[in-house]
Amino acid sequence: MTSGSQGVAELSARTTVVGVIGMPVDHSLSPRLHNAAFAALGLDWVSVAFPVAAGTAPTALAGARALGVRGLSVTMPHKEAVADAVDDATDTVRALGAANCVDLADGRLIGVNTDGAGFVAAVEEGGWFDPAGERCVVLGAGGAARAVVLALAEAGAVEVVVVNRTASRAVRAARLAGAVGRVGSAADVAGASLVVKATPAGMTGVGGAGHDEVAVPGRGQFVVDLVYDPPMTPWLTAAEAAGAQVRNGLGTLLHQAAFQLERWTGLQVPRRALWAAVAPDGGPGAPGRPS
Ligand code: NAP
């Protein structure tokens, strides 16, 4: 892909197209991450955001197939519908019942889910935290929490405790961790090495000063809030003030995108180029931040 005088890619009939489907999708950072990777790799590829209304994901997938789109990232509210609509799916998609990516190689639709792998890569980045042998607590039991629970168990955590408002959802999420999974309560937070908040509390547009029912972690604990807008939620700020080492959800977003890009392109994606695209000055998601 070449660049014009204003840094705009010169697209042609040969340009390979990928994108992200979601609603809303106008503030998605995915095209920025994708296009940064394509620039770094010197590929004649482009990524765009496609607003796709709830309930219409199968139609969007059929259109993408007809148009020769190479890959799609999938965000709210389509992850479950896409998992149902694809021709084939990875084991992770089958376990979670949700796909955050479609690989359209050879006109077949393969459902993929890189959220959990992206999360683990984000906490491992820079040697920050290795889940193997550790006790972990996950707050929330929605789609993001489920991906994290499964990935932590696969990464060798010795215990994955799910804490959620709605008990039935907590039970289903904890089951994903098999023998190391269980449902817990706010009291479990204090005993965990890693505490992951996978609820939207404190997110821009959602609000909520903190978390409904959960204690704030502190010294000696590693803490991730999957929210990255704002960069620090009130809960993450409180955890840091209490002495915890904290990261927001930007790293998870970045690494799940990197794994998708690697699947589509078959090339290794330089993480540094992605970090430069979304956090040029570092920040609470970036590796190497003193904490
Ligand atoms: P979801 O499927 O709607 O699940 C939301 C979960 O949060 C549910 O378990 C819900 O509990 C719980 N919850 C909501 N508000 C709460 C509150 N005030 N106090 C306590 N619990 C609350 O959402 P999701 O897709 O899992 O996403 C969760 C968050 O992660 C969102 O903010 C999303 O933006 C973020 N996320 C980030 C990334 C990333 O790459 N960084 C990726 C995916 C998601 P109930 O079950 O009781 O309703």
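Some observations on this one:
- Axis angle, to the nearest 10 degrees, between helix 250-265 and the longest C-alpha principal axis of the chain: 40 degrees.
- Charge dipole (Cα centre; +1 on Lys/Arg Cβ, -1 on Asp/Glu Cβ; no other charges) of region 44-171 amounts to roughly 500 debye.
- Using a Gaussian network model of the chain in which every pair of alpha carbons under 10 angstrom is joined by a spring, one finds that among SER47, SER12, SER28 the greatest mean-square fluctuation is at SER12.
- Residue-count net charge about ARG135 - beta-carbon cut-off 9 Å; Lys, Arg +1, Asp, Glu -1: -3
- Degrees, to the nearest 10: 115-124 long Cα axis against longest axis of the chain: 60
- With contacts taken as Cα pairs under 8 Å at a separation of at least 6 residues, the chain carries a relative contact order of 15 percent.
- Which of ALA98, ALA215, VAL48, positive extreme of dipole for the chain (C-beta unit charges): ALA215
- Cα-centre dipole for the chain with unit charges at Cβ (Lys and Arg positive, Asp and Glu negative), debye to 20: 160
- Region 160-181 versus region 64-127: alpha-carbon centroid distance in Å: 22
- Three-way shape call for the chain based on the alpha-carbon gyration tensor, with the a/c threshold at 1.5: prolate
- Neighbourhood net charge (14 Å Cβ-Cβ; Lys/Arg +1, Asp/Glu -1) for ALA39: 0
- Within the chain, longest stretch free of exposed GluC sites (Glu not before Pro) [DSSP loop, at most 15 other beta carbons within 10 Å]: 11-212
- Ordering of 138-149, 163-174 by burial proxy (mean other Cβ atoms within 10 Å per residue, highest first): 138-149, 163-174
- Cβ-placed point charges (K, R +1; D, E -1), dipole of region 117-248 about Cα centre in debye, nearest 20: 420
- Top positive-direction residue, dipole computed over the chain with Cβ charges, set ALA177, ALA37, ALA241: ALA177
- Net charge contributed by nearby residues that have their C-beta within less than 12 Å of GLY191 (K/R +1, D/E -1): -2
- Global form of region 1-157, assessed from the alpha-carbon gyration tensor, a/c cut-off 1.5: oblate
Each value in this text was obtained by applying a stated rule to the coordinates, not by laboratory testing. Owing to the predicted nature of the structure, the values given are computational and were not obtained by experimental measurement. Quick reminder, even Gly has a Cβ in these numbers, built from the backbone with ideal geometry, and neighbours come from all protein chains shown.
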